[in-house]
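Here is the structure we will look at.
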Amino acid sequence: MNYLQRQFHALLDHCLDERKEIRSLRKTAFDRFNQLGFPTKKWEEWQFTDFSEIRKNEYRLAWGKDLPKIPDKIPGLIPDTYSIIIINGHYQPQLTKLPTGVSVKSHEDFSQIDGDEYSLNGNQNPFLALNTALMNSEISLIVEPDSIIEKPIQIIHLTTALSDQFMNHPRLVFQIGRNSQATLVEHYIGETKIPYFVNPVTQVSIDENASLNYIRILEEDIFGCHTATTNYILKNDARLNTTSFSSGAKLFRHDIKLDFAGDGGEAVFNGLCLTEDQQHHDQHVIVDHQQNFCQSRQLFKYILAEKSSGVFNGKVVVRKNTKQTDADQSNRNLLLSPSALMNANPQLEILSDDVKCSHGSSTGELDDDAIFYLQTRGIDSETAKSLLIHGFANEIIEKVKPISIQDYIHNQFTDWLS
Amino acid sequence: MKNTLKKENSIIDEAISQDYKYGFVTDIEQETIPPGLSEDVIRVISAKKGEPDWLRDWRLKSYKNWGKMKNPSWAHITYPSIDYQSISYYSAPKEKKELKSLDEVDPELLETYNKLGIPLQEQKMLAGVAVDAVFDSVSVATTFKEDLKKHGIIFCSFSEAVHNHPNLVKKYLGSVVPMTDNFFAALNSAVFSDGSFVYIPKGVRCPMELSTYFRINAANTGQFERTLIVADEGSYVSYLEGCTAPMRDENQLHAAVVELIAHKDAEIKYSTVQNWYPGDKDGKGGIYNFVTKRGTCLEDNSKISWTQVETGSAITWKYPSVILKGDNSKGEFYSVALTNNHQQADTGTKMIHLGSNTSSTIISKGISAGKSQNTYRGQVKIMKNAENARNYSQCDSILIGSECGAHTFPYIDVRNPTAKMEHEASTSNIGEEQLFYCNQRGLSTENAVSLIVNGFCKEVFKELPMEFAVEAQKLMEVSLEGSVG
Amino acid sequence: MLEIKNLCAAVENKEILKGINLNVKQGEVHAIMGRNGSGKSTLANLIAGKNNYSVTSGEVYYKEKNIAAISPEDRALNGIFLSFQYPVVIPGVNTTYFLKEALNAKRRNREEEEINAADFMRLIKEKLKEVDLDETYLKRSVNDGFSGGEKKRNEILQMLILEPELAVLDETDSGLDIDALKTIAHGINQYRREDRAIILITHYQRLLKYAVPDYVHVLMNGQIVKSGGKELALELEEKGYSWLEK
């Protein structure tokens, strides 16, 4: 019996009072996970990432006693935001600040379990199945229709003060009501020297004519492994603008899927991955254009230092008989060391004729000519390099809104660089 | 990226009414040998041209090799298999004596050129373009020779070069495209009839654009011309090639070989506007264009640039390539390929990086209309010792209507980690919606299409010499006439 | 200016419009509201002359002339402008060039002199400010790489430059954040004049707060089921559409 099985049974024993629908869902999901197993190099969509660390390490689920003393100052908290704080998997309602028009639910009984958000739907992602089997901290955030939420809502997942190897499977559901506008920040921070594993699943639905600005910040500790699944559903005229900034975690894998479920949807993905040491970041994105008049833009950038490695696999699917699809996908990678490695595979799968699709990919080192140029203007080579790296990252950072979050990301980037 | 279209579309029909403008037959007595290919035929060709033994033997060796090879089948094109025994491999106007001036050329022949829009006389005066007109297979009139001679530039027909500059020909022939390179190159090496030869000596910048018009005239004759351009150290040449062929029901074969050699610090710019007869609107007739074009940047700091506008031929199979051997050498490929009706084009380039700091640029624009199929096939290879190699590739496709197809196959093979690769691709269409949008802003459909197509091609057109760019733009309009609305 | 008489139209044998009557005079702003699929876009496209509909009966008169046989470009040249619900991407065609061509086509039609490049740049830069687009936009291809909001503002920009007499705005307000919505409304109010008419087609009420119509019509199943003043929009916001269903 492996550690996951032991943890699963312990969880079932612990939550004897859970509704039977949830218990049966957990069991189905765990069976699915056991069928699939951890991904291996033979799985085409997973081939460049080694998950043996997660398979071999014995992590245990978070229990009530894991809640440490709450820090006076929550790390990562961005000024001028509403906030939701989760520490070692435990939601802290007393620290929650939310505006009117927004409600949050967090409970052990998963009241909306019958919704699509929990359906496995034949999904072949083992980490989604594992999360569904073991999900232990759920947050549902609902923005009411016709609400314009001016300030961002920041959701912090803090892993801190661990005594032994620990894992967490957060489940997040975000629903943005019709005609509403909001900014959400999903923020993972680790401050511990003990290996841990975080495996969140985030389900986002944006209703008709609503707009979500969504920022994901990954600052897990270097001892942490983070596997994430994010699914988006956009209704008619819905807009999504995402930025993901990832600098932490030893191993990071993110599966992103976006479905246009109505006409006229618009999605923008901006991503910046920073890796060093032996970090490995792997992002897989599928954007499915199954409705008319939708547009999507992707710009994923990686900056890889030392012996770190990155994977980008993006796919744009344009379904048959769809009209006026406008899709663009771009992946740009900067290698700062000869030992850094990048695997990029941008793909288009176009089955309709009424499209405007483009994609591009580039991987390269810093431009020697540009460094030389700056040197001839009296700038030393280290500063010149830093300027160029800054320029490369800025294309992503300067698009982040509001400015408070842009500043935060910019500071984190500058720290990383120095 | 793959895109095939089937959807019905109400506005855009495949209906194409534009006739081939250059479809006339010149009634000149031709000297043609009977169809068929054998060692004897090759000996006859070689003898008729009065070739030295080494060249005859080279041809025979190529023929033997060809016999062992198979017609390639990997391209995204379909056509009935070609009966190589039913083609006549030699055709020349009977007029055979040396021509001293244009006055001596058959007036009917000159008339042909006028219909083609290449008035030799006028061009000599106005455009400053030296024209080596190839009528079917034998070069009949070369102008500007004297001017070029002053600079030590050799610009003559291939046959002449064989007689007058045998050492140069012997040194470079087959050095870039070996006779065993591929099926069509081997065939050409065995039976090539004539073509052009250019040599630019050290340090010379060729003072004018060199230009050749190829034209296939006789029915059932394949055209197998051979072009060899050598740019010696520090020299520069810009070479223009234009092609037309008359309208015939049968399909005609064109299998040419072009070899370019750029020495240290030399630059060769090779531009083509190809509008061989594409066949009628039902796909009957038209040229099969199987061409091997390749250049070698043999030494450091050399540059070879291919620009092509392909609007003709029933089938185009063509990959102008550059081997980047010298350090810091550059290869470029700019292409517009337009297919309409039942045309098929499988075209692109190969950039083989061998030297350090080599860079290549690929810009390919494919336009498919009617029921045509348009494929970009490119290969960028960065070999192990090519430090700091760079490539930028951009492949864009436009689909006009819903019954055509565009396909993109960019192969990238990187064996040195310092390589910097950039690839961009886009596919878009001109459909009912785009046209209605333009109409709603007060623009006519015709105006809208020309706006869109010229906008799409501008990055390539700007690489063409001025007078060619204008011609190319007109050609696009003619080729697309009737494809929309 | 525009008179629609008992207009019935179908797409692929499916009846979409079932007898529309509408009379729009100079200086008036009419809002046409309705749910998705009620026939709003069909009506807009028919006014502009899109020809994949079959008009089964009825007539459309523009400036007292039946325009059934008039091509979309001639309607445009004579002052009809359609702001598209989903503006079309035209790759490779520079926005400035496109707009200049469109404006000059209109000028040629009126036998006026074509606008020169310098004057045109001055005009377009002035109008860009009205719709809050920056000048980098002028270098891009038509709608290529534009966000949804930029595409909609581009439509309004074109309207301000081409100065049509009848503007039909098809859901120009959908897919917009609140700030962009205000910009669009500002553009519409700039355009509004005594000798011009506007038809605002929408299924959200938000726009009508900022661009206030004179008349509101509710389109349902291909028919105008109710007409009224601007207060009808408020009523719809409160009650939704279901109370109008038969």
Single unsatisfied condition, residue A:396 versus (1) within 18 Å of residue A:273 (Cα to Cα); (2) open to solvent by 80 Å² or more (accessible area, probe 1.4 Å): (2)
Some residue of the stretch B:311-322 being in a loop (DSSP other than H, G, I, E, B), under 26 Å from residue B:430 (Cβ atoms), touching a residue at least 40 places away in the same chain (Cβ under 8 Å) and not small (Gly, Ala, Ser): yes
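Conditions (1) among the basic types (Lys, Arg); (2) under 13 Å from the mean Cα position of the chain (by Cα), marked per residue:
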{"residue": "A:205", "(1), (2)": "no, no"}
{"residue": "A:214", "(1), (2)": "no, yes"}
{"residue": "A:220", "(1), (2)": "no, yes"}
{"residue": "A:236", "(1), (2)": "no, no"}
{"residue": "A:253", "(1), (2)": "yes, yes"}
{"residue": "A:269", "(1), (2)": "no, yes"}
{"residue": "A:272", "(1), (2)": "no, yes"}
Identity of the residue in the stretch C:146-169, in contact with a strand residue (DSSP E or B) (Cβ under 7 Å, 6 or more places away or on another chain) and within 11 Å of another protein chain (Cβ to nearest Cβ), that ends up most open to solvent (accessible area, probe 1.4 Å): C:147
Enumerated strands (runs of 3 or more DSSP E) restricted to the stretch B:336-450, each holding at least 2 residues that are touching a residue at least 12 places away in the same chain (Cβ under 8 Å), within 14 Å of chain A (Cβ to nearest Cβ) and of a type in the set (D, E, K, R): B:390-400, B:420-430
Residue that is most open to solvent (accessible area, probe 1.4 Å) [pool: residues in the stretch C:46-72 that are hydrophobic (A, V, I, L, M, F, W, C) and more than 8 Å from every other protein chain (Cβ to nearest Cβ)]: C:69
Counted residues, the stretch B:299-320 - those being crowded, with 24+ Cβ neighbours inside 10 Å and more than 22 Å from residue B:373 (Cα to Cα): 3
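A quick yes/no check of all residues on (1) aromatic (Phe, Trp, Tyr); (2) more than 26 Å from the chain's Cα centre (by Cα); (3) open to solvent by less than 90 Å² (accessible area, probe 1.4 Å); (4) not assigned by TED's automatic domain parsing to the domain that holds residue A:225:
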position: A:11; (1), (2), (3), (4): no, no, yes, no
position: A:14; (1), (2), (3), (4): no, yes, no, no
position: A:30; (1), (2), (3), (4): yes, no, yes, no
position: A:33; (1), (2), (3), (4): yes, no, yes, no
position: A:37; (1), (2), (3), (4): no, no, yes, no
position: A:41; (1), (2), (3), (4): no, no, no, no
position: A:45; (1), (2), (3), (4): no, no, yes, no
position: A:54; (1), (2), (3), (4): no, no, yes, no
position: A:61; (1), (2), (3), (4): no, no, yes, no
Subset of the stretch C:73-113 (residues that are over 19 Å from residue C:138 (Cβ atoms), more than 7 Å from every other protein chain (Cβ to nearest Cβ) and part of a helix (DSSP H, G or I)): C:74, C:75, C:107, C:108, C:109
Members of the stretch A:180-201 that are part of a loop (DSSP other than H, G, I, E, B) and open to solvent by less than 10 Å² (accessible area, probe 1.4 Å): A:180, A:199, A:200
Residues (under 18 Å from the mean Cα position of the chain (by Cα) and either open to solvent by less than 30 Å² (accessible area, probe 1.4 Å) or at pLDDT below 80 (or both)) located in the stretch B:431-469: B:457, B:460, B:461, B:464, B:465, B:467, B:468, B:469
Selection count, the stretch A:87-106, where residues are closer than 16 Å to residue A:152 by Cβ, touching a residue at least 60 places away in the same chain (Cβ under 8 Å) and outside any strand (DSSP E or B): 1
Condition met for residue A:323 (closer than 19 Å to residue A:269 by Cα, at pLDDT 85 or above and open to solvent by 40 Å² or more (accessible area, probe 1.4 Å)): no
Residue A:401 being open to solvent by 80 Å² or more (accessible area, probe 1.4 Å), out of contact with any Asp or Glu (no Cβ under 9 Å at 6 or more places or on another chain) and basic (Lys, Arg): yes
Given (1) more than 10 Å from chain B (Cβ to nearest Cβ); (2) in contact (Cβ under 8 Å) with a residue 40 or more places away in the chain, index of the condition residue A:375 fails: (2)
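Only residues that are of a type in the set (A, V, I, L, M) and either out of contact with any helix residue (DSSP H, G or I) (no Cβ under 6 Å at 6 or more places or on another chain) or part of a helix (DSSP H, G or I) (or both): list them for the stretch C:116-143, please. Please lay out each step first, then the result.
Going through the stretch C:116-143, the residues of a type in the set (A, V, I, L, M) turn out to be C:117-118, C:121, C:123-124, C:128, C:131, C:133, C:138, C:142.
Listed by number, the residues that qualify are C:117, C:118, C:121, C:123, C:124, C:128, C:138.
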Residues of the stretch A:284-339 that turn out to be of a type in the set (A, V, I, L, M), under 22 Å from residue B:392 (Cβ atoms) and away from chain C (no Cβ under 14 Å), as a count: 6
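The values are calculated or read from the model by the stated rules, or taken from the named source; none is laboratory data. From a predicted model like this one, the values you see are computed outputs, not experimental measurements. Please note: Cβ atoms are built from the backbone with ideal geometry, for glycine as well, and neighbour counts cover all protein chains shown. Keep in mind that these areas ignore ligands, DNA and RNA; they rest on the heavy atoms of the full protein, side chains included. Shrake-Rupley method; radii C 1.70, N 1.55, O 1.52, S 1.80 Å.
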